[in-house]
Every structure is written in structure tokens, then in C-alpha cells.
1. Hey, can you grab everything whose amide H is under 5 Å from the amide H of L102? Only 5+ residues off in sequence or another chain; H modelled, so Pro and N-termini drop out.
2. Can you compute 3J(HN,Hα) from phi for each residue in region 97-107, using the Karplus curve 6.51 cos²θ - 1.76 cosθ + 1.60 with θ = phi - 60°, rounded to whole Hz and x for Gly and Pro?
3. If we count other beta carbons within 10 Å of each Cβ, what is the order of S70, S49, S64, S40, fewest first?
Amino acid sequence: MFDYRDWPYEPGEHDDMFVSGQDAMDRAIVLFVDPPVLCSEIIALRGMSYRDYLRTDHWQQTRSRALSRSGGYCQMCETQPLWLEVHHLTYVRLGCEAELDLIALCPECHKLEHRTRKPS
């Protein structure tokens, strides 16, 4: 167990090592996504409209990774169309999507998904 009497620092000696709770949150990193994302960035991304989010560099990079994982194939009908769209299976981790949150779909399958599935 840690004994605070053994604390090696004098009061005020290393104040620059400690940050406020908000500063700590702003510097916190979500490591379960690739690449890791700062919490403050996630908060900013979630604060914008979905349409604006889809225009961000963050989304373009996330989208690009999802398309690369698909190998150019629709992950529903397994065709290789000229164009693929990236579909959110869930919006729970918007701004720090996990690989399993996104699938690449041909336009026809994407329309079908939106007609038949309710997002979580």
C-alpha cells in the first residue's frame, strides 16, 4: 500500500506535472480505435451535425479504412460494384468508430439497410 508520507515532492515543487480535470480529459486518449483519438476531439465531433461530421477529415480517414477492409466488395451481397458506401451499424461510438461499427455496402444494399434496420 502507498504511504503518502513517503511522497518525494515538496509542495509546489512539481505543480507543472498536475493538470485540472478538464485538461486531463482534453488530453485523454481513446486507445481502442485505430488511430487513437483525443477525448476532446470526440466531444467536438459529436457536437456537430451528422452532415457536418461526414465532411470532416476524421470521417474521411475512418471511411477510407472501412473501404480498404472491404477489399472493394459489398459486405452484404458480395458484389464488386463501381461505388461503395460506408454504413454505420451503430452510432454509439460516433467519432471513435470501432471496425465492427462500419460496413461497406453497394448503393442498393445501403438503401435496403436504411429501410429495414433501425440504428442503435
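1. Amide H neighbours of L102: L89.
2. Result, ordered by residue: 4, 7, 3, 6, 7, 10, 9, 9, 10, 5, x Hz.
3. By the 10 Å Cβ count, ascending, the order reads S49, S64, S40, S70.
Throughout, read-outs are computed from the coordinates displayed, never taken from laboratory work. Keep in mind it's a predicted model, so treat the numbers as computed, not measured. Positions of Cβ are backbone-derived with ideal geometry, glycine not excepted, and every protein chain shown enters the neighbour counts.
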